[in-house]
Amino acid sequence: MVLEGREMDSIGNTMQKKAAELERLAEVLVTGEQLRLRLHEAKVIKDRRHHLRTYPNCFVAKELIDWLIEHKEASDRETAIKIMQKLLDQSIIHHVCDEHRDFKDMKLFYRFRKDDGTFPLDSEAKVFMRGQRIYEKMMNTDNSLLQTRVEEGGTFERTLVASEFIDWLLQEGEMGTREEAEQLGRRLLEHGIIQHVTNKHHFVDGPLLYQFRMNFRRRRRLIELLHECVRSIPESHDSPFCLRKQNSDGGNTSFLSVSPTKEIKVVVGVRRSSMSSSCGSSGYYSSSPTLSSSPPVLCNPKSVLKRQVSPEELQTPGGPFIKKTFTIVGDAVGWGFVVRGSKPCHIQAVDPGGPAAAAGMKVCQFVVSVNGLNVLSHDYRTVSNLILTGPRTIVMEVMEEV
């Protein structure tokens, strides 16, 4: 079903605000759940006694704030309080006796509502939790559902064929009939969990291609909960993760991959936060990266390489290249570098104030592997996607000319 003209405009206008609300809700739910699991693993959440009474699965507010600062999730106690207040306001956590509506830096017991069965499962939350369960089940199952496929002349990675997805839902017992499965697919799309590869179609049982738009496994930074006032800028295909922004104080901390020329153009800065929703002319959601209100980084599209080399040349024993390994921990903005090229990719630009520069990364280095996976035969889009959908900490091997 293709929507055109007034129908598309109407859907776009009425759904744009709803899309933003749903996206914020999704990020809070996923971020809260990730924190809950981490706190259980760290034994911060446990049974506690007070006045001869046992309170199961709770944490002490003061101890949690210490933990957030120690694990660099908050820079100070005030920020930590704001983060936890956000979770409390969204009914993710609550005081064990519901006597405090504010999160206080005191020896008070709080608990995740999911741990005591009091989480308010409204229709929106149910869709996101259902989507997350389906996503995890699909990622943990050895199947061929997610593949690189072609539609309308474009090649798209990790796609689902709608009819095959419905077959899988029925096989896994997620839904009872094809009609119910199709309706679930429509709700997942309307909530921004999946999307049509070109954003031209709603979900319909047939040969059309769809992708998961939300990566539930990406580890969220808690500080992202406080960053809601963002603006969308169009996505650039020159680099899916040119990662930094200029300071808003007017200081010039932007970076250029080469000397400025007429070829300079804006390249988007992608944070490791949620993708903001923007309704295109199709009336459905198209994902575009988000920035703060600071100006975007300028990045010259012209390659910094003097010459392209082959994977065989890089791996020739005794050649003029040395291998280096970097461990880069992304911050709330990203990792701070731009990758370009193909077979092999190379580092096009490095933000001097970013995590990559701190780890020792430089321009003109060739990317050999990411988190143990050899990528010499891949292009930069594949490498970028591998990084963006992986953990916050990445281990990269590069080759540098001597």
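The values are calculated or read from the model by the stated rules, or taken from the named source; none is laboratory data. Note that this is a predicted model, so its numbers are computed, not measured. Note: ideal-geometry Cβ built from the backbone for every residue, glycine included; neighbour counts use all protein chains shown. To get the accessible areas, we keep the full protein, side chains included, count just its heavy atoms, and leave off ligands, DNA and RNA. Shrake-Rupley method; radii C 1.70, N 1.55, O 1.52, S 1.80 Å.
Quick rundown of the values:
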| read-out | value |
| --- | --- |
| Qualifying residues in region 215-239 (those that are modelled with pLDDT under 75 and of a type in the set (A, V, I, L, M)) - the one surrounded by the fewest Cβ atoms within 10 Å (Cβ to Cβ) | V230 |
| Pairs with Cβ under 8 Å, 6+ apart, first in region 12-37 and under 18 Å from L68 (Cβ atoms), second at pLDDT below 70 | E27/S273; E27/S274 |
| Conditions (1) open to solvent by 10 Å² or more (accessible area, probe 1.4 Å); (2) in contact with a helix residue (DSSP H, G or I) (Cβ under 7 Å, 6 or more places away or on another chain); (3) among the aromatic types (F, W, Y): number failed by F112 | (1) |
| Exclusive hit being out of contact with any Lys or Arg (no Cβ under 9 Å at 6 or more places or on another chain), open to solvent by less than 40 Å² (accessible area, probe 1.4 Å) and under 13 Å from L305 (Cα atoms), set P344, P355 | P344 |
| Near pairs, Cβ below 7 angstrom, 6+ apart or cross-chain, from region 357-378 (in contact (Cβ under 8 Å) with a residue 60 or more places away in the chain) to any residue that is polar (S, T, N, Q) and surrounded by 14 or more Cβ atoms within 10 Å (Cβ to Cβ) | V363/S257; V363/Q348 |
| Long-range neighbours under 7 Å by Cβ, at least six apart or interchain, first residue on the phi < 0 side of the Ramachandran plot within region 301-322, second of a type in the set (A, V, I, L, M, F, W, C) and open to solvent by 30 Å² or more (accessible area, probe 1.4 Å) | K302/V258; V304/V258; V304/V363; V304/C364; L305/C364; P320/V402; F321/V402; I322/V402 |
| Residue that is most open to solvent (accessible area, probe 1.4 Å), among those in region 379-402 that are over 15 Å from F337 (Cβ atoms) and among the β-branched types (V, I, T) | V402 |
| Test: residue in region 359-378 that is of a type in the set (S, T, N, Q), over 19 Å from V309 (Cβ atoms) and either open to solvent by 10 Å² or more (accessible area, probe 1.4 Å) or not assigned by the TED database to the domain that holds F212 (or both) | yes |
| Residue match in region 21-29 (condition: surrounded by 17 or more Cβ atoms within 10 Å (Cβ to Cβ), small (G, A, S) and either within 19 Å of G131 (Cβ to Cβ) or modelled with pLDDT of 90 or more (or both)) | yes |
| Residues located in region 165-207, provided they are open to solvent by 30 Å² or more (accessible area, probe 1.4 Å), closer than 18 Å to R133 by Cα, touching a residue at least 12 places away in the same chain (Cβ under 8 Å) and among the acidic types (D, E) | E172, E182, E190 |
| Matching residues, region 158-172, being under 12 Å from Y210 (Cα atoms) and charged (D, E, K, R) | R158, E164 |
| Region 122-133 residues that are among the hydrophobic types (A, V, I, L, M, F, W, C), paired with ones that are open to solvent by 70 Å² or more (accessible area, probe 1.4 Å) and in a helix (DSSP H, G or I) (beta carbon under 7 Å, 6 or more apart) | V127/R187 |
| Residue match in region 315-332 (condition: open to solvent by less than 50 Å² (accessible area, probe 1.4 Å), charged (D, E, K, R) and modelled with pLDDT of 90 or more) | no |
| Matching residues in region 133-142 - criterion: being open to solvent by 40 Å² or more (accessible area, probe 1.4 Å) and either assigned to a loop (DSSP other than H, G, I, E, B) or out of contact with any Asp or Glu (no Cβ under 8 Å at 6 or more places or on another chain) (or both) | R133, E136, M139, N140, T141, D142 |
